[in-house]
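The values are calculated or read from the model by the stated rules, or taken from the named source; none is laboratory data. Quick caveat: nothing in here was measured; it's all calculated off a predicted structure. Here Cβ is always computed from backbone atoms with ideal geometry, including for glycine, and neighbour counts include all displayed protein chains.
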Amino acid sequence: MPKRPTSSMSWERTRSLFPVTREIVYFNNAGVGPVSTRVDEALRRFAGEATRMGAFHYPRAFDAEIERVRARAALLLNASADEIAFVKNTTEGLGIVAAGLDWRHGDQVVSCDLEYPSNVYPWWSLRDRGVETLMLRGRDGRLPFAVVEEALRNPRVRLLALSSVEFGSGARNDLEALGGLCRERGVLFCVDAIQSVGCFPIDVEHCGVDFLAADGHKWMLSVEGCGIFFCSKRVQDLVTPRIVGWRSVRNNLDFDTYHTDLQDSAGRFEEGTPNTPGIFALGAAIDLLLELDLAAIGERVLALTDRLVDGLRARGAEIKSPREPGEASGIVSFEIPGQPPAETVRKLRAEKIFTIERRGGVRASPHFYNSEAEIDRLLSALD
Ligand SMILES: Cc1ncc(COP(=O)(O)O)c(C=O)c1O
């Protein structure tokens with residue numbers, strides 16, 4: 001397969017890796033994505049080895065793959081492998097930051113009312129440590145940069161917690177501009193990136209991201225329960241792991257010498273036995289994304305969502321998603337005048353077209369393996 005599929009034939013070939021396309025029109029990649037045959041094979045490889053040999057080949061069969069996947073995950077973000085920890089979900093990654101920073105009474109976290117609860121509650125839970133969370137108000141589904149700029153004038157702000165793409169409206173935040181602002185103001189930048197990793201390129205180094213978390217089950221097209229947490233080397237020592245276990249420390253295969261010298265890497269945030277089958281699956285999923293090229297995937301997803309938006313507008317639908325260049329994403333939220341979103345979702349479901357209702361709109365989220373014909377099927381189902 002070419003590194004950067006440009007012809008529709010190339011994308012057509014990727015469809016064959018997703019048997020779900022033979023069953024239904026799957027437009028809920030922003031909810032839980034389906035897995036490819038590659039991921040299925042990786043899970044079988046794990047299960048086969050565990051079934052036949054148990055842990056007999058442990059270092060070769062399991063540990064080597066875990067470290068390979070860590071390096072692949074790092075490549076996805078332009079990070080280094082020692083800045084990546086495996087976590088069970090996005091919330092865990094964000095929670096590691098919230099629980100581990102040395103908060104001072106009066107510190108402020110800035111977030112916004114467009115965020116999914118995983119990027120709100122960890123910060124609200126710091127109230128009893130004297131940390132206030134300022135919830136900026138989104139406007140028309142987006143958070144204007146000027147609003148963040150104004151909020152960060154307050155010297156009490158320690159951390160900005162935002163998503164790369166807002167889960168309801170699909171507005172893509174400008175991580176480069178926000179990261180630059182944070183650097184300028186000496187504010188930590190923590191990104192919930194589950195709605196973009198696997199769909200758009202992301203460069204944590206270039207954008208000055210300090211922390212990032214993303215579970216694998218949406219745009220990365222892996223299974224639930226295994227995601228990645230990035231902690232920049234710059235700030236690793238600012239976060240104290242609140243759960244320290246055998247795996248958090250150096251020389252962690254020496255079980256006879258007790259000590260709590262933490263690993264000199266994000267591995268310190270992995271306290272015990274990892275989710276090895278989840279990591280096998282994630283590895284196969286990330287390999288496919290890297291093979292296809294994230295920039296090409298992003299272009300493909302924008303082309304599909306543009307087609308959807310054009311077709312919806314032509315049918316008089318209200319588009320709730322910001323769609324200006326730079327703010328469009330893989331999420332299209334819309335409403336058919338006079339029809340409650342839940343009813344539209346139900347009607348589409350009856351036609352085997354999978355969308356979902358979120359924040360008062362019908363949310364459709366196609367990925368690269370979806371086709372133009374499927375977009376047209378959704379549109380004609382609305383007629
Ligand atoms: C922006 C965002 N963050 C986080 C999550 C889920 O978090 P977790 O991986 O902890 O389940 C979702 C799920 O819909 C989401 O849309």
Q: Can you work out which of the residues in the range 211-260 that are more than 16 Å from the ligand (Cβ to nearest atom) and in a strand (DSSP E or B) is nearest to PHE167 (Cα to Cα)?
A: CYS231
Q) Of the residues that make up the range 241-260, is at least one closer than 27 Å to CYS182 by Cα, in contact with a strand residue (DSSP E or B) (Cβ under 8 Å, 6 or more places away or on another chain) and in contact (Cβ under 8 Å) with a residue 60 or more places away in the chain? A) yes
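Output yes when any residue across the range 138-153 is part of a helix (DSSP H, G or I), closer than 18 Å to ALA328 by Cα and either more than 14 Å from the ligand (Cβ to nearest atom) or not assigned by TED's automatic domain parsing to the domain that holds GLY100 (or both), and no when none is. Outline the logic, then answer.
Taking the range 138-153 first, the residues part of a helix (DSSP H, G or I) are 145-151.
Going one step further and asking which of them are closer than 18 Å to ALA328 by Cα, we end up with 145.
Those left that are additionally either more than 14 Å from the ligand (Cβ to nearest atom) or not assigned by TED's automatic domain parsing to the domain that holds GLY100 (or both): 145.
Yes, the range 138-153 has at least one match.
In the same structural domain as PRO122 (by TED's automatic domain parsing) and over 15 Å from the mean Cα position of the chain (by Cα), is that true of GLY216?
Details: in the same structural domain as PRO122 (by TED's automatic domain parsing): yes; over 15 Å from the mean Cα position of the chain (by Cα): no.
Criteria not met by GLY216.
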Q: Only residues that are touching a Phe, Trp or Tyr at 6+ places or on another chain (Cβ under 7 Å) and hydrophobic (A, V, I, L, M, F, W, C): list them for the range 356-377, please.
A: VAL362, ALA364, PHE368
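Would you say ASP237 is without any contact (Cβ under 8 Å) to a residue 12 or more places away in the chain and either surrounded by fewer than 21 Cβ atoms within 10 Å (Cβ to Cβ) or more than 14 Å from the chain's Cα centre (by Cα) (or both)? Please lay out each step first, then the result.
Working: without any contact (Cβ under 8 Å) to a residue 12 or more places away in the chain: yes; either surrounded by fewer than 21 Cβ atoms within 10 Å (Cβ to Cβ) or more than 14 Å from the chain's Cα centre (by Cα) (or both): yes.
So ASP237 fits the description; yes.
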Q) Only one residue in VAL20, VAL32 is in the same structural domain as ILE375 (by TED's automatic domain parsing), at pLDDT 95 or above and surrounded by fewer than 22 Cβ atoms within 10 Å (Cβ to Cβ), so which one is that? A) VAL20
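Which residues, counting only those in the range 154-205, are β-branched (Val, Ile, Thr) and within 16 Å of the ligand (Cβ to nearest atom)? Talk me through it step by step, then tell me what you get.
Looking only at the range 154-205, we keep the residues that are β-branched (Val, Ile, Thr), and these are 157, 165, 187, 191, 194, 197, 202, 204.
Correct list: VAL165, VAL191, ILE194, VAL197, ILE202.
For (1) in a loop (DSSP other than H, G, I, E, B); (2) under 19 Å from the mean Cα position of the chain (by Cα); (3) more than 30 Å from VAL244 (Cβ to Cβ), each residue gets a yes or a no:
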{"site": "GLY278", "(1), (2), (3)": "no, yes, no"}
{"site": "ILE286", "(1), (2), (3)": "no, yes, no"}
{"site": "GLY298", "(1), (2), (3)": "no, yes, yes"}
{"site": "ALA303", "(1), (2), (3)": "no, no, yes"}
{"site": "ARG307", "(1), (2), (3)": "no, no, yes"}
{"site": "GLU327", "(1), (2), (3)": "yes, yes, yes"}
{"site": "GLU357", "(1), (2), (3)": "no, no, yes"}
Q. So which residues in the range 78-101 are among the hydroxyl-bearing types (Ser, Thr, Tyr) and more than 16 Å from the ligand (Cβ to nearest atom)?
A. SER80
Q: Could you check the range 1-108 for helices (runs of 4 or more DSSP H) lying wholly inside it with 1 or more residues that are over 30 Å from TRP123 (Cβ atoms) and without any contact (Cβ under 8 Å) to a residue 60 or more places away in the chain?
A: 8-15, 37-53, 64-77
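LEU178 - would you say it is in a strand (DSSP E or B) and closer than 22 Å to GLU83 by Cβ?
Working: in a strand (DSSP E or B): no; closer than 22 Å to GLU83 by Cβ: yes.
The answer is no for LEU178.
Could we say that ARG363 is at pLDDT 95 or above and outside any strand (DSSP E or B) here?
Working: at pLDDT 95 or above: yes; outside any strand (DSSP E or B): no.
So ARG363 fails the test.
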Q) VAL223 versus (1) touching a Pro at 6+ places or on another chain (Cβ under 9 Å); (2) surrounded by fewer than 19 Cβ atoms within 10 Å (Cβ to Cβ): which is the lone unmet condition? A) (2)
Q.
Among the listed residues ILE331, ILE286, identify the single one that is modelled with pLDDT of 95 or more, within 30 Å of ARG234 (Cβ to Cβ) and crowded, with 21+ Cβ neighbours inside 10 Å.
A. ILE286
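Listed residues ARG52, ARG70, ARG60, ARG13; which is assigned by TED's automatic domain parsing to the domain that holds ALA266 and closer than 22 Å to LEU294 by Cα?
Being assigned by TED's automatic domain parsing to the domain that holds ALA266 and closer than 22 Å to LEU294 by Cα holds for just one of ARG52, ARG70, ARG60, ARG13, which is ARG70.
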